[in-house]
Amino acid sequence: MNVPLLDLKPQYLALKRELDSAVAEVVASQMFILGPQVKQCEEAVAGYSQSARGVGVTSGSDALLICLMAEDIGPGDEVITTPYTFFATAGAVARVGAVPVFVDIDPVTYNINPDLIEARITPKTKAIIPVHLYGQMVDMDPVMALAQKHNLVVIEDAAQAIGAEDKGRRAGSIGHYGCFSFFPSKNLGCFGDGGMVMTQDAARADKLEVLRVHGSKPKYYYRLLGGNFRLDTLQAAVVKTKLPYLDGWTAARQANAARYGRLFAAAGLAGKVGLPVAVASRHVYNQYVIRVAQRNQLLDFLKSKSIGVEVYYPVPLHVQDCFAYLNYKAGDFPESERAAVETLALPIYPEVTDDQAQYVVQSIAGFFGK
Ligand SMILES: *Cc1c(COP(=O)(O)O)cnc(C)c1O
């Protein structure tokens with residue numbers, strides 16, 4: 001048997017006619033830049049995400065970058081985030097010339113530990129970027145309370161968490177900004193790169209719309225320095241077409257997670273394999289990440305069994321070469337470092353079959369001699 005980590009083909013084939021005609025419509029119109037398709041996509045995603053406005057941008061990475069630019073965050077400023085995330089979270093901070101300040105994670109959710117944030121706030125701190133890792137939201141109440149107390153901007157990195165919920169509130173709707181990615185491996189993926197910023201604030205949304213066209217307003221007059229951060233019209237048409245199916249895919253991911261839970265329990269692996277814990281009310285399982293001793297051996301073993309597995313992420317950001325100038329060292333964030341050596345993502349995409357899930361768990365049981 002072969003179980004890929006992610007297979008996008010079944011989803012495409014199920015919606016082929018609809019997707020092909022959405023793409024064909026854009027092609028026929030020959031209107032590839034912004035226009036009504038982008039606007040409709042923004043309204044649909046914002047509505048889905050309990051947000052007043054959505055601004056389509058080039059990618060999830062650029063969503064983070066444009067929010068920092070909109071807040072004039074740059075040299076001399078500090079931004080607090082987690083070292084256990086995809087690179088773009090901290091990369092965006094460094095690219096505007098600000099200093100990423102890292103705070104360790106909670107070992108259960110792998111999300112930033114809100115209890116550790118306040119100690120790292122200084123007069124230079126301008127923003128906090130909580131990351132809803134693997135599809136589970138950060139507990140936003142303490143984050144927002146700190147932001148209010150210290151007058152900070154909150155940018156939710158919700159790239160892995162579209163549709164995730166906590167206490168009735170959706171990912172991306174709580175901070176001053178929420179950033180989504182439509183990268184193909186995310187829960188709502190397009191046919192290339194794409195992203196979107198959520199905000200409840202019309203003035204902020206208006207500014208983002210100007211920044212994504214180089215700061216042009218009126219046309220060919222530049223008061224702000226922006227860039228080309230537009231969401232491609234073809235990608236907007238794909239996202240808009242797929243959005244009505246997202247809840248079904250999320251339900252399938254959740255069912256897959258529950259099935260893994262049953263299979264691991266039945267295999268007697270409870271003591272050997274740490275399973276994901278859903279603390280927030282709606283975990284959308286962009287990744288299903290287990291924790292084991294002997295992670296690297298298990299990784300190689302499962303690959304030899306044709307099972308797609310991956311480590312998210314093997315090297316925490318505070319010890320990446322490009323951040324050496326920040327002067328962190330190994331040992332600074334023990335929970336992030338432990339997660340980096342002990343965790344492993346298993347296939348969780350909606351179309352994983354019963355047989356495939358059984359094969360994954362039986363293989364892990366075999367590794368542990370069960
Ligand atoms: C994917 C991802 C991003 C970047 O999104 P792109 O669309 O690939 O640029 C940012 N942050 C996190 C946590 C991500 O998973």
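Only the coordinates and a few stated rules stand behind these numbers; no lab work does. Computed from a prediction, not measured in an experiment: that's the story for all the values here. Don't worry about glycine lacking a Cβ; one is built from the backbone with ideal geometry, like all the others, and counts go over all protein chains shown.
Brief remarks follow.
- Under a model in which nothing but the beta-carbon of Lys, Arg (+1) and Asp, Glu (-1) is charged, the range 1-158 shows a dipole of about 280 debye around its Cα centre.
- Among 49-58, 146-155, the peptide with the highest mean count of other Cβ atoms within 10 Å heads the list, and the full ranking is 49-58, 146-155.
- Hull shadow area, averaged, the range 245-367 [alpha-carbon convex hull, nm²]: 9.1
- Residue exposure sequence - SER59, SER363 - by fewest surrounding Cβ within 10 Å: SER363, SER59
- Taking all Cα pairs closer than 8 Å and separated by 6 or more residues, the relative contact order of the chain comes to 23 percent.
- Loop-located chymotrypsin sites (Phe, Trp or Tyr not before Pro) in the range 162-233 whose Cβ has at most 11 other Cβ within 10 Å (DSSP): TYR220, TYR221
- Per-residue 3J(HN,Hα) values for the range 305-314, derived from phi via the Karplus relation 6.51 cos²θ - 1.76 cosθ + 1.60 with θ = phi - 60°, read 9, 6, 10, x, 9, 8, 9, 10, 9, x Hz in sequence order (x marks Gly and Pro).
- Cα gyration tensor category, rounded, prolate or oblate, for the range 1-116 with a/c compared to 1.5: oblate
- Centre separation in Å (Cα based) which lies between the range 256-321 and the range 90-132: 24
- The loop-placed trypsin sites (Lys or Arg not before Pro) in the range 181-253, going by DSSP, that have at most 14 neighbouring Cβ atoms within 10 Å of their Cβ come out as LYS219, ARG223.
- Sorted on the mean count of surrounding Cβ atoms within 10 Å across their residues, most packed first, peptides 128-140, 160-172 read 128-140, 160-172.
- The lysines whose alpha-carbon is closer than 17 Å to the alpha-carbon of LYS16, local same-chain residues fewer than 8 away aside, are LYS240, LYS242.
- Residue-wise HN-Hα coupling along the range 182-199, computed from phi with Karplus coefficients 6.51, -1.76, 1.60 (Hz; x: Gly, Pro): 10, 3, x, 7, 7, 5, 10, x, 9, 9, x, 9, x, x, 7, 9, 9, 7
- Model label zone, ASP355; criterion: amide N under 15 Å from point 7 Å along Cα-to-beta-carbon; scope the range 1-37: 1-4
- Burial ordering of TYR312, TYR245, fewest other beta-carbon atoms within 10 Å first: TYR245, TYR312
- Rounded if a/c under 1.5, otherwise prolate or oblate - the chain, Cα gyration tensor axes: oblate
- Shape category assigned to the range 95-175 from the gyration tensor of Cα positions, a/c cut at 1.5: prolate
- Net dipole in debye of the chain [+1 Lys, Arg Cβ; -1 Asp, Glu Cβ; about Cα centre; nearest 20]: 360
- Estimated 222 nm signal from helices in the chain, with DSSP H stretches of n ≥ 4 weighted -39500 (n - 2.57), rounded to 500: -11500 deg cm²/dmol
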